[in-house]
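Written out below as structure tokens is the structure these notes cover.
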Protein chains: 2
Amino acid sequence: MLDHLKDYNIILASQSPRRYELLEKANIPFKVLVVPGVSEDFPPSMAVDDVAEFLALQKQNAYKQIWSNPLTIVITADTVVELNGKILNKPLNRLEALNMLNLLSGNRHRVLTGVVIKSAEKEQSFTVVTEVWFNQLSNSDIEYYVDNFEPYDKAGAYGVQEWIGLIGVREIKGSFYNIMGLPVAKLYEELGRF
Amino acid sequence: MLDHLKDYNIILASQSPRRYELLEKANIPFKVLVVPGVSEDFPPSMAVDDVAEFLALQKQNAYKQIWSNPLTIVITADTVVELNGKILNKPLNRLEALNMLNLLSGNRHRVLTGVVIKSAEKEQSFTVVTEVWFNQLSNSDIEYYVDNFEPYDKAGAYGVQEWIGLIGVREIKGSFYNIMGLPVAKLYEELGRF
């Protein structure tokens, strides 16, 4: 229970409906506020493991007017999918989505979410990593998924909570909800001592 | 896609609404049929790792009249929660639920689901194991969960898809949906070659 934060406004700075759903199910009271035009660029030499947290920190800069208010906490997050050292972004079209899922099929990849919790007085940031193993997927499975679920808003071209996650993800190591975009248990723990 | 089974009746022999939900999301067509009075006993000397599959096999005996029909497949499953070599059953009352969650708090446990797929001609059985690590839970978290979610129909006294799973499960190793009671990806794979 996060009773010590009950006088605070908790702002989730995200457009992701999966993140709203997870915070709601975790019973953490929050409002959504999205400042448009935040840069998603990062230095090309940056280590893949640092990118998600860097982008979440970048987002906080755009929210200075919000977290400068008393009794206000802003949560930013960024999720990155990494395969063989390369980052998979959101697929731009059907072909890119099919190609990404073909790359993930039968392989292990990693999902990294960087989270920053910020108020006028404090800042706490962390990255949570989950490893994911996909079964070998057939072409018809991949095409069925892309055509019916249109995963164009999802890094790596899949949602683990959707059909492809149920039938295709054999094993994970780490937080499941982190794959959906928010490592809720770690966030709850960090809010507990914020 | 399970096109080679499209002329079959797939029967799920389970009362668990979580299992229905998972098979539905996996897009596997099925009907539910529950034969009452199936024994849940197992030999006391049996190794914990063998119990779930043994119980799933036992259930198939009660469904002989069903799977003896042509073009019929019966799926049975049993899920067992193991902590330090001992099986945690469904909690009988509030105190038992609180005690179980206190045992799981801050510890690693295992969830084992045994599954048997059976027709008149074939039988395939397997067990899927997932390791689960809970954060240290506060007494108020545990009481809040038990009083609001009443986990009396759940082995180990928790649902990983409910509030306590979101805020409390730090990490897993294995299949997430197995913790909910059905290792869907493995089942899909096995049905694919059944």
(request) Please tell me if B:A97 is within 14 Å of chain A (Cβ to nearest Cβ) and either surrounded by 18 or more Cβ atoms within 10 Å (Cβ to Cβ) or at pLDDT 95 or above (or both). (result) no
(message) Just the residues that are buried (at least 20 other Cβ atoms within 10 Å of the Cβ) and within 13 Å of B:G85 (Cβ to Cβ), please, taken from the range B:42-56.
(response) B:V51
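Considering only residues that are more than 10 Å from chain A (Cβ to nearest Cβ) and of a type in the set (D, E), which ones fall in the range B:1-20?
Here is the first cut: in the range B:1-20, the ones more than 10 Å from chain A (Cβ to nearest Cβ) are B:4-20.
Result: B:D7, single match.
So, restricting to helices (runs of 4 or more DSSP H) that lie completely within the range A:102-194, which ones have at least 2 residues that are within 13 Å of chain B (Cβ to nearest Cβ) and more than 17 Å from the chain's Cα centre (by Cα)? Reasoning before the result, please.
Numbers: elements: A:139-149, A:163-168, A:176-180, A:184-192.
Passing ranges, in order: A:139-149, A:163-168, A:184-192.
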(request) Consider B:V38 carefully, then state whether it is among the β-branched types (V, I, T) and at pLDDT below 95. (result) yes
(request) Could you list all residues from the range B:27-41 that are in contact with a strand residue (DSSP E or B) (Cβ under 6 Å, 6 or more places away or on another chain) and surrounded by 15 or more Cβ atoms within 10 Å (Cβ to Cβ)? (result) B:F30
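Is it the case, given these coordinates, that B:E24 is within 23 Å of B:Q58 (Cα to Cα) and surrounded by fewer than 18 Cβ atoms within 10 Å (Cβ to Cβ)?
Working: within 23 Å of B:Q58 (Cα to Cα): no; surrounded by fewer than 18 Cβ atoms within 10 Å (Cβ to Cβ): yes.
Against the criterion (within 23 Å of B:Q58 (Cα to Cα) and surrounded by fewer than 18 Cβ atoms within 10 Å (Cβ to Cβ)), B:E24 does not qualify.
For (1) surrounded by fewer than 18 Cβ atoms within 10 Å (Cβ to Cβ); (2) without any contact (Cβ under 8 Å) to a residue 24 or more places away in the chain; (3) farther than 24 Å from B:G85 by Cα, each residue gets a yes or a no:
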| residue | (1), (2), (3) |
| --- | --- |
| B:T127 | no, no, no |
| B:S140 | yes, yes, yes |
| B:E143 | yes, no, yes |
| B:P151 | no, no, no |
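Based on this model, can you work out whether B:D49 counts as away from chain A (no Cβ under 14 Å), farther than 20 Å from A:S140 by Cβ and charged (D, E, K, R)? Step through it out loud before you land on a result.
Working: away from chain A (no Cβ under 14 Å): yes; farther than 20 Å from A:S140 by Cβ: yes; charged (D, E, K, R): yes.
Criteria met by B:D49.
Does A:I28 count as under 26 Å from B:E162 (Cα atoms), part of a strand (DSSP E or B) and either over 14 Å from the mean Cα position of the chain (by Cα) or of a type outside the set (S, T, N, Q) (or both)? Break it down stepwise before answering.
Values: under 26 Å from B:E162 (Cα atoms): yes; part of a strand (DSSP E or B): no; either over 14 Å from the mean Cα position of the chain (by Cα) or of a type outside the set (S, T, N, Q) (or both): yes.
So A:I28 does not fit the description; no.
Which residues, taken from the range A:65-78, are surrounded by fewer than 20 Cβ atoms within 10 Å (Cβ to Cβ) and within 15 Å of A:V34 (Cβ to Cβ)? Full working, then the answer.
Applying the first criterion (surrounded by fewer than 20 Cβ atoms within 10 Å (Cβ to Cβ)) to the range A:65-78 yields A:65-66, A:68-72.
Hits for the range A:65-78 are A:Q65, A:I66.
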(message) With the structure loaded, tell me whether A:N89 is modelled with pLDDT under 95 and either more than 14 Å from chain B (Cβ to nearest Cβ) or within 30 Å of B:R193 (Cβ to Cβ) (or both) or whether it fails that test.
(response) yes
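The values are calculated or read from the model by the stated rules, or taken from the named source; none is laboratory data. Bear in mind the structure is a predicted one, so any value in this text is a computation, not a measurement. Ideal geometry is used to build each Cβ from the backbone, glycine not excepted, and the neighbour counts take in all protein chains shown.
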